[in-house]
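S.K.: Attaching a single structure in structure tokens format; questions to follow.
Computed from the coordinates by the stated procedures, all read-outs in this text should not be read as laboratory data. Fair warning: this is a prediction, and the values are worked out from it, not measured in the lab. Don't worry about glycine lacking a Cβ; one is built from the backbone with ideal geometry, like all the others, and counts go over all protein chains shown.
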There are 2 protein chains.
Amino acid sequence: MKPNKEVTIHDLAAELNVAPSTVSRALKEHPSISKETIQLVKKLAQERGYRPNQIAASLRNSKTNTIGVIISLINRPFVSSLISGIEDTARQEGYNVLISQSHDSYDHEVANAKALYNSRVSGLIVSLATETLQYDHFEEFFRSNIPVVFVDRVPEEVASHRVIIDNFAAGFMATEHLIAQGCKRIAHFVGSQHRNVYKERFRGYREALQKHHLPIEEELMISGNSLSLEEGTKLANQLFSLPNPPDGLFCPNDTTAISAIQCAKKRGIKVPEQLAIIGFNNDPISSIIDPPLSTITHPAVEMGKIAAQQLLKHSKHKEKFSHETVVLKTELLVRESSLRTI
Amino acid sequence: MKPNKEVTIHDLAAELNVAPSTVSRALKEHPSISKETIQLVKKLAQERGYRPNQIAASLRNSKTNTIGVIISLINRPFVSSLISGIEDTARQEGYNVLISQSHDSYDHEVANAKALYNSRVSGLIVSLATETLQYDHFEEFFRSNIPVVFVDRVPEEVASHRVIIDNFAAGFMATEHLIAQGCKRIAHFVGSQHRNVYKERFRGYREALQKHHLPIEEELMISGNSLSLEEGTKLANQLFSLPNPPDGLFCPNDTTAISAIQCAKKRGIKVPEQLAIIGFNNDPISSIIDPPLSTITHPAVEMGKIAAQQLLKHSKHKEKFSHETVVLKTELLVRESSLRTI
DNA sequence: ATTTTTTGCACAATCGATTGCGCAAAATTT
DNA sequence: AAATTTTGCGCAATCGATTGTGCAAAAAAT
């Protein structure tokens, strides 16, 4: 057995005294090839350990059977679950998944988009970087008719395929829950207003307050950026130092909610008695912390699956420009951090 | 501007009245092309928005500049961090990263290996599935001289490139720490003995006991499989139901340690006073739980980086068969769950 | 038995970049 | 001025699979 040498359709063709084109068609069971020839070719292919060269096929077809993914950072619970969903679905359909991290930087995102475009991906799934405000780097995909599906963090200005949740409704629901628990002064960590997710959650928060005739107070809306554990601690300290501290807190992610709980503990603020807290995402950690964190479920794996399905549908059937938006359900998950026995 | 039509070196060549080969060489600053021509070509390439077609280059070179990755499941903290490290390093060098999940199933792993092989990846990074006991599916990579680097969960029987930690030393260290805290009956959740990581941690545990003349008791070594949160709860309950329960517990991952802490809490077992617990991995969750979990640090991101570096080194220089094993440092991270004030 | 249709396959171009070989013009040496 | 070397670039094959076109043999229709 020669090493380093792959069997090609030419080898098979030569051995069977047929043309390479016949072998190619036989392997695909093309109707213009007789059953006997098909059997023969397939048998020999099996014996010789023939493996189709995807690269050659990709070149010929200008199609790679590869999905490109651009996300912020893989090692975040939501993101890794999203990718997990994408990968499972794509691989079942025989597609490969190429991933790239933007690290929430616009420049990285642009560079990754270019790289994936050059790699001739069949489609692209994107969850935008926090920084991203313009979307020119996706234009060439649109022009080349390569489907792009945005997930979770989507552009508001661009007509596109989307898989999202109703962040407004979720924010509203979370806030209303705190109100129902008797909270009168409800604070919010305000995420980057560039991104739909934080913007909408914030809007939901404000409208819930309005609906229930609670005042909207500037000092209770503290702006963050990365919404990391560290930043969460900073924001929480800021909040708890107010002369008139809040009795409820809606965090736009679980990470900062965790920070808030820990910070509250240190200061001797009782959760949920003195301060009811609710997060967002249902990260694994939210069920572990003490007290367990109330949160909004976020169907990450399912989002990934659906995004991949959308992409494959458009990639295969070349349906053009029926920009669909899929909105997935979220649920209020009440745990102890917000549950008062009134 | 025509849509759907990519600029090729032929287009550039035609416009400049030179041969495509000249364009190709000019773009690579090949010495046999004059400086002026290089300038000319590069300028036009820029203007026309030329993008090299990786596919065509890959076909010609039988090289894809793509790294394949096979891991168990992306949405685990250790794994996603590992991939993050791989991706960062690879992309800096202009490589793409193709990921696939084995879901800890041997069959999936084999299928993914085949798929990645057919995609002609330039190299492969693998962390083995729990189930995997034979390694034939990597043979074709070896034969084709495609570098394979095993990370963390590596085969013991196959000569290969490896990036690992010293699981034995870590297990020993963890156990000795519990002994130093005054524990006399130290339990261990025994992971799958197919995998080096759990096997070695277990061995470290036993040898530490021996060194300090503590009895090795069968009933304190409880075997798990998935080592999931759910399984952890089961194992913990089993352990705590012993007539003579342990006063120390070394878990081979943080997940089961978390389960154990929660289970202990429910039963009113005080951690660390009655039961000192130490985990493994330093998952984010370990610092959040109450009491904070002592653990062994596991340099996931760095492992990914080094694995990618190893791979790229071998991929580029085609160095053959100098199977290196890189062993990374781990540290004992003492938090409250094991810290007794003796 | 001849014409028409169908069947089964071969030929050759194509996808786009790469590279060994070779040739002519320019530069250098004698 | 002639011989030699160097410089700069073109030609054409190659990587492996795909596919439109065409042609001969077999099958069907007249």
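S.K.: Go through A:114/A:313; A:199/A:265; A:199/A:234; A:266/A:329; A:199/B:5 and tell me which ones have a Cα-Cα distance over 31 Å in this structure.
M.R.: Exceeds cut-off: A:266/A:329; A:199/B:5.
S.K.: Then there is this: Enumerate the amide H contacts of residue A:328 below 5 Å, restricted to partners 5 or more residues apart or on another chain; note that Pro and chain-start residues carry no placed amide H.
M.R.: Here the answer is A:164, A:165, A:166, since their amide H atoms fall under 5 Å of that of residue A:328.
S.K.: With every atom except the alpha carbons ignored, what do you get for Rg and Dmax of segment A:108-178, in angstroms?
M.R.: Final numbers for Rg and Dmax: 14.7, 49 Å.
S.K.: Roughly what would the spin-label model give for residue A:57 and residue A:267, points 7 Å off Cα along C-beta, in nm?
M.R.: Simple spin-label model gives 6.0 nm for this pair.
S.K.: Which order do B:195, A:76, B:201, A:206 fall in if you start with the one that has the fewest other Cβ atoms within 10 Å?
M.R.: Details: B:195 25, A:76 22, B:201 28, A:206 17.
Starting with the residue having the fewest Cβ neighbours, the order is A:206, A:76, B:195, B:201.
S.K.: I want to verify a result. In a Gaussian network model of chain B, Cα cutoff 10 Å, which of these has the top mean-square fluctuation: B:130, B:256, B:37?
M.R.: Maximum among the listed residues: B:37.
S.K.: Would you compute the Debye intensity of chain B from its alpha-carbon atoms alone, equal scatterers and no solvent, and pass along log10 I(q)/I(0) at q = 0.14 Å⁻¹ to two decimals?
M.R.: -1.05
S.K.: How much net charge surrounds residue A:186 when only other residues with a Cβ under 14 Å from its Cβ are counted (Lys, Arg +1; Asp, Glu -1)?
M.R.: 0
S.K.: Among A:59, A:98, A:311, which one moves the most in a GNM of chain A with springs linking Cα atoms closer than 10 Å?
M.R.: Highest fluctuation among the options: A:59.
S.K.: While we're looking at this one, here's another question. Can you work out ³J(HN,Hα) from phi for every residue in segment B:132-142, in order, using Karplus 6.51 cos²θ - 1.76 cosθ + 1.60 and θ = phi - 60°, giving whole Hz and x for Gly and Pro?
M.R.: Taking θ as phi minus 60°, the curve returns 5, 10, 10, 10, 4, 5, 9, 4, 5, 5, 4 Hz for segment B:132-142.
S.K.: Using the Cα centre as the reference, give the magnitude of the dipole from point charges on the C-beta atoms of segment A:193-342 (Lys, Arg: +1; Asp, Glu: -1; all else neutral), rounded to the nearest 20 debye.
M.R.: That gives a dipole near 480 debye.
S.K.: Which residues among segment B:145-165 fall inside the zone where the amide N is under 19 Å from a point 7 Å beyond the Cα of residue B:317, along Cα→Cβ?
M.R.: Under cut-off, by backbone N: B:145-150, B:160-163.
S.K.: Have a look at A:308, A:174, A:57 and tell me which one the Gaussian network model of chain A (Cα, springs below 10 Å) gives the largest fluctuation.
M.R.: Comparing A:308, A:174, A:57 in the GNM, the peak value goes to A:57.
S.K.: If I model a spin label at residue B:226 and residue B:332 as a point 7 Å from the Cα along the Cα→Cβ vector, what separation in nanometres do I get?
M.R.: 3.3 nm
S.K.: Note the angle between two axes, namely the Cα long axis of helix A:229-240 and the longest principal axis of the Cα atoms of chain A, as a number of degrees from 0 to 90, rounded to the nearest 10.
M.R.: 20 degrees
S.K.: Let me know the volume per residue of the alpha-carbon convex hull for the protein assembly as shown, in Å³.
M.R.: 195 Å³
S.K.: Another question, if that's okay. At a Förster radius of 41 Å, what calculated FRET efficiency corresponds to the Cβ-Cβ distance of residue A:21 and residue B:194, to the nearest 0.05?
M.R.: Given R0 = 41 Å and the Cβ-Cβ separation, E is 0.30.
S.K.: Which ordering of A:263, B:183 is given by a fewest-first count of other beta-carbon atoms within 10 Å?
M.R.: The most exposed by this proxy come first: A:263, B:183.
S.K.: From largest to smallest, what semi-axes in whole angstrom does segment B:235-295 give when each is the square root of 5 times an eigenvalue of its alpha carbon gyration tensor? Intermediate values should be presented prior to the final figure.
M.R.: Details: eigenvalues 68, 25, 18 Å².
Three semi-axes, in Å: 18, 11, 10.
S.K.: Residue B:295: net charge of surrounding residues, Cβ under 14 Å, Lys/Arg +1, Asp/Glu -1, itself excluded?
M.R.: Neighbourhood net charge equals -2.
S.K.: All other residues with a Cβ under 12 Å from the Cβ of residue A:172 taken together, and with Lys, Arg as +1 and Asp, Glu as -1, what is their net charge?
M.R.: Local net charge: 0.
S.K.: Diagonalise the Cα gyration tensor of segment A:167-297 and give the resulting equivalent ellipsoid semi-axes, square root of 5 times each eigenvalue, largest first, whole Å.
M.R.: 19, 17, 15
S.K.: Further question: Report the Stokes-Einstein translational diffusion coefficient (µm² s⁻¹, integer) for segment B:9-52, Rh taken as the Kirkwood radius over Cα pairs, at 37 °C with viscosity 0.692 mPa s.
M.R.: 331 µm²/s
S.K.: What ranking do A:207, B:324 get, fewest neighbouring Cβ atoms within 10 angstrom at the top?
M.R.: Numbers: A:207 16, B:324 13.
Lowest count first: B:324, A:207.
S.K.: Quickly work out the residue A:237-to-residue B:107 label distance, labels modelled 7 Å from Cα along the C-beta direction, and quote it in nm with one decimal.
M.R.: 5.4 nm
S.K.: How far is the Cα center of segment B:205-279 from the Cα center of segment B:26-94, in Å?
M.R.: If you average the Cα positions of each part, the centres end up 48 Å apart.
S.K.: So what's the angle, to the nearest 10 degrees on a 0 to 90 scale, between helix B:300-317 and the longest Cα principal axis of chain B?
M.R.: Roughly 40 degrees between the two axes.
S.K.: Also, quick follow-up: Nm distances between the label at residue A:323 and the same-position labels in the remaining copies, 7 Å along Cα→Cβ, shortest first?
M.R.: Distances to the matching label points in the other copies: 5.5 nm.
S.K.: Treating the point 7 Å from Cα along Cα-beta-carbon as the label, what are the nm separations from residue B:15 to the other copies, to one decimal?
M.R.: Here the equivalent label points are 4.7 nm apart from this one.
S.K.: Let me ask something else. If the convex hull of the alpha-carbon atoms of segment A:241-342 is projected onto planes in all directions, what is the mean projected area in square nanometres?
M.R.: 8.6 nm²
S.K.: Report, for residue A:203, each distance to the same residue's label point in the other copies, shortest first and in nm; define the point 7 Å along Cα→Cβ.
M.R.: Shortest to longest, the spacings are 6.0 nm.
S.K.: Could you work out how far helix A:77-92 tilts from the main Cα principal axis of chain A, as a 0 to 90 degree angle to the nearest 10?
M.R.: Helix A:77-92 and the main axis of chain A meet at about 20 degrees.
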